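The values are calculated or read from the model by the stated rules, or taken from the named source; none is laboratory data. Computed from a prediction, not measured in an experiment: that's the story for all the values here. We place every Cβ from the backbone using ideal geometry, glycine too, and count neighbours over all the protein chains shown.
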Amino acid sequence: MRNVTLTQYLVEQERSLSGVGPELRLLIEVVARACKAIGHAVSKGALADVLGGAGTDNVQGEAQKKLDVISNEVLVEANCWGGCLAGMASEEMDDPLPIPSQYPKGRYLLLFDPLDGSSNIDVNVSIGTIFSVLECPPGVTDPTEADFLQPGTRQVAAGFAVYGPATVLVLTLGNGTAGFTLDREVGSWILTQPRIRIPEQTREFAINMSNARNWPAPVTRYIDECVAGKTGPLGKDYNMRWVASMVADVYRILSRGGVFMYPADAKHVEGRLRLMYEANPMAFIVEQAGGAASTGRQRILEVQPAKLHQRVGVILGSREEVERLAGYYAEAG
């Protein structure tokens, strides 16, 4: 079988899908190149003095790592000049970033979490980058925050990279979910998972057990049933997996099934994860792979954002498990 590169894949999608044009193809290629650069910096680790804190906080008041700042700069610099974007927004920046006036502007808006899983940077555990692409509203040349506040159903593309033993890129253009592996020898992304499908059922769940005292009743009920194993109401033994990098946990679910949970709870009343930078793109990817994604009470992609850095509860993965949890929320009223 011939090796299909990311560029070849995008050209084929452009030929077969009416919503994919040269501008979107170029944008995805630019983001993918930026991910290669970030992955290279991650792989250098202490050799490049990129570990440890940056001595600054992001807009959420979280301490930034050096690689958070580096990754954000790489993505911003790569995407400013290409002519594909009207604006971009990052989890690490307070406000949307306009495209500098000396560069042409395009029709798309790019949102990204430049480095997901920052707590794992210094301990050599997989981390990654998440991105989402929206269309800029017609007639808008200088987008404001309000122009970014579109529900996840309006995404035209989404993806994430995982910087692990292999560097992988997962992508959806709304026509299924595909996976690519970086061939470091030639520097190309090679299509290795043409059509990812998540098993509807699972025997694995991912959740931060240290928050158990804060969980809502539906989540406690579900986890208790999982832990009860074959003698419990679900009739099978479950394993718990928790990497604390959403990219790594979701990639595992895409590969072999499972359910990922970071629900809104007594400690994080609105939720912990960001709707625009994490929940929406991951929900789009998971749904396109045959899975489901919910806040517990609502399909994530249908949530209408009220602010750029809005947080939300997240339950996603194998469809049957997500629907079971949503049913428990409905019963709880």
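Looking at the structure I just gave you, is Gln102 under 19 Å from Asn280 (Cα atoms), out of contact with any Cys (no Cβ under 8 Å at 6 or more places or on another chain) and in a loop (DSSP other than H, G, I, E, B)?
On the way: under 19 Å from Asn280 (Cα atoms): no; out of contact with any Cys (no Cβ under 8 Å at 6 or more places or on another chain): yes; in a loop (DSSP other than H, G, I, E, B): yes.
Answer is no for this residue.
Output the qualifying pairs, or none if there are none: Cβ atoms under 9 angstrom, residues six or more apart or on different chains, first residue in region 129-153 and in contact (Cβ under 8 Å) with a residue 40 or more places away in the chain, second residue hydroxyl-bearing (Ser, Thr, Tyr).
Thr129/Ser71; Thr129/Tyr163; Ile130/Tyr277; Phe131/Tyr277; Ser132/Tyr277; Val133/Tyr108; Cys136/Tyr108; Gly152/Ser132
Does any residue in region 1-26 that is acidic (Asp, Glu) come within less than 9 Å, Cβ to Cβ, of a residue that is surrounded by fewer than 16 Cβ atoms within 10 Å (Cβ to Cβ) and part of a helix (DSSP H, G or I) six or more places away or on a different chain, and which pairs are these?
Within 9 Å, the pairs are Glu14/Pro22.
Has region 276-284 got any residue that is more than 22 Å from Glu92 (Cα to Cα) and among the charged types (D, E, K, R)?
Checked against the condition, which is being more than 22 Å from Glu92 (Cα to Cα) and among the charged types (D, E, K, R), region 276-284 yields no hits at all.
Restricting to region 111-161, what's the tally of residues that are hydroxyl-bearing (Ser, Thr, Tyr) and not in a helix (DSSP H, G or I)?
Qualifying residue count, region 111-161: 5.
Report whether or not Ser101 is surrounded by 18 or more Cβ atoms within 10 Å (Cβ to Cβ) and either touching a helix residue (DSSP H, G or I) at 6+ places or on another chain (Cβ under 6 Å) or without any contact (Cβ under 8 Å) to a residue 60 or more places away in the chain (or both). Quick ask: steps written out before the conclusion?
On the way: surrounded by 18 or more Cβ atoms within 10 Å (Cβ to Cβ): no; either touching a helix residue (DSSP H, G or I) at 6+ places or on another chain (Cβ under 6 Å) or without any contact (Cβ under 8 Å) to a residue 60 or more places away in the chain (or both): yes.
For Ser101, the condition - surrounded by 18 or more Cβ atoms within 10 Å (Cβ to Cβ) and either touching a helix residue (DSSP H, G or I) at 6+ places or on another chain (Cβ under 6 Å) or without any contact (Cβ under 8 Å) to a residue 60 or more places away in the chain (or both) - is not met.
Pick from Leu308, Leu316, Leu254, Leu301: which is assigned to a strand (DSSP E or B) and touching a strand residue (DSSP E or B) at 6+ places or on another chain (Cβ under 8 Å)?
Being assigned to a strand (DSSP E or B) and touching a strand residue (DSSP E or B) at 6+ places or on another chain (Cβ under 8 Å) holds for just one of Leu308, Leu316, Leu254, Leu301, which is Leu316.
For the structure I just gave you, tell me whether Glu204 is free of Cβ contacts under 8 Å to residues at least 12 places away in the same chain and either crowded, with 19+ Cβ neighbours inside 10 Å or touching a Gly at 6+ places or on another chain (Cβ under 6 Å) (or both).
Spelling it out, it is not the case that Glu204 is free of Cβ contacts under 8 Å to residues at least 12 places away in the same chain and either crowded, with 19+ Cβ neighbours inside 10 Å or touching a Gly at 6+ places or on another chain (Cβ under 6 Å) (or both).
Which one of Val123, Val219, Val168 is surrounded by 14 or more Cβ atoms within 10 Å (Cβ to Cβ) and either without any contact (Cβ under 8 Å) to a residue 60 or more places away in the chain or in contact with a Phe, Trp or Tyr (Cβ under 7 Å, 6 or more places away or on another chain) (or both)?
From the options Val123, Val219, Val168, the qualifying one is Val168.
Can you tell me which of Ala244, Ala266, Ala228 is surrounded by 14 or more Cβ atoms within 10 Å (Cβ to Cβ), assigned to a loop (DSSP other than H, G, I, E, B) and of a type outside the set (Val, Ile, Thr)?
Going through Ala244, Ala266, Ala228 in turn, just one is surrounded by 14 or more Cβ atoms within 10 Å (Cβ to Cβ), assigned to a loop (DSSP other than H, G, I, E, B) and of a type outside the set (Val, Ile, Thr): Ala244.
Among what's in region 125-170 and is of a type in the set (A, V, I, L, M, F, W, C) and in contact with a Ser or Thr (Cβ under 6 Å, 6 or more places away or on another chain), pick the residue that is nearest to Ser294 (Cα to Cα).
Of everything passing the filter in region 125-170, Ala158 is nearest to Ser294 (Cα to Cα).
For region 280-296, does any single residue satisfy the condition of being touching a Pro at 6+ places or on another chain (Cβ under 7 Å) and either at pLDDT 95 or above or buried (at least 23 other Cβ atoms within 10 Å of the Cβ) (or both)?
yes
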